[in-house]
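Working notes, structure below.
The values are calculated or read from the model by the stated rules, or taken from the named source; none is laboratory data. Quick caveat, the model's predicted, so the values are computed rather than measured. Counting neighbours? That spans all protein chains shown, and the Cβs are built from the backbone with ideal geometry, glycine included. Quick note on the areas: whole protein, heavy atoms, side chains included, nothing else; ligands and nucleic acids left out. Shrake-Rupley method; radii C 1.70, N 1.55, O 1.52, S 1.80 Å.
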Amino acid sequence: AELMGAILPSGVFNVVCGRRETGRLLVEHAVPSLVSITGSVRAGREVAASAAPLLKRVHLELGGKAPVVVFADADLETAAADIAVAAYFNAGQDCTAATRVVVEAAAYETMVALLAREAEQNTKLGSATTMDSEGVLVGPLNSRAQLERVKGFFDRLPPHARVVAGGRPAGGRGFFFEPSVVAGLRQEDEMVQEEIFGPV
């Protein structure tokens, strides 16, 4: 905000902190003519409903489950290493995190094993202060509630899914969750349909 305040005229850029009710009041106010949200489908519906009476322009980026498609003729080791970075950076709390990996059948089991190896052996957990100096890729989740939310996805896994790496809190201080790989999921499963915002 300070940087923008030094560049833009007064009132062009404003930071308003708050929770859901604060956001609703801003959306319903007559002054903002455009509303943009990155969040869940539920949040998008609420924003759209609040913006509708004034016919405000609305930009919704909702529930993205950023897929990675891997064909059997790909360099699978390189793909697994790159997918790990795309999935686990910022503990997966990123709208662009690679959260689904769709693999051609001929390479599926090999890719699952390579992703599990990346999660278990090549992905370091630690604090944000050690990311550059120690090669840490996965920091903590942002709150105890988010840690419990991620854990809940694993508690509710269907019987046909299998956890091949991680799947539990990392223990110790902070809200760390192990880098995880789940195989055998189906299109209708919760983990495929809902954003997890965790290192999964």
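When restricted to residues that are free of Cβ contacts under 8 Å to residues at least 12 places away in the same chain and either assigned to a strand (DSSP E or B) or among the charged types (D, E, K, R) (or both), region 159-192 contains 2. Just one of (1) over 28 Å from Gly39 (Cβ atoms); (2) of a type outside the set (Lys, Arg); (3) modelled with pLDDT under 95 fails for Ala98. It is (1). Just one of (1) without any contact (Cβ under 8 Å) to a residue 12 or more places away in the chain; (2) within 23 Å of Ala170 (Cα to Cα); (3) among the basic types (Lys, Arg) fails for Arg45. It is (2). Of the residues making up region 100-129, just one is open to solvent by less than 20 Å² (accessible area, probe 1.4 Å), within 15 Å of Gly166 (Cα to Cα) and not in a helix (DSSP H, G or I), namely Thr123. Evaluating Gly63 against the criteria (1) over 27 Å from Ala183 (Cβ atoms); (2) touching a helix residue (DSSP H, G or I) at 6+ places or on another chain (Cβ under 7 Å) leaves one unmet condition, (1). The set of residues from region 48-99 being buried (at least 17 other Cβ atoms within 10 Å of the Cβ) and among the basic types (Lys, Arg) comprises just one member, Lys56. Cβ separations smaller than 9 Å between residues 6+ apart or across chains give the following pairs from region 144-158 residues that are over 19 Å from Arg186 (Cα atoms) and in contact (Cβ under 8 Å) with a residue 24 or more places away in the chain to residues that are among the aliphatic types (A, V, I, L, M) and in a loop (DSSP other than H, G, I, E, B): Leu147/Leu141; Arg149/Leu141; Arg149/Ile196.
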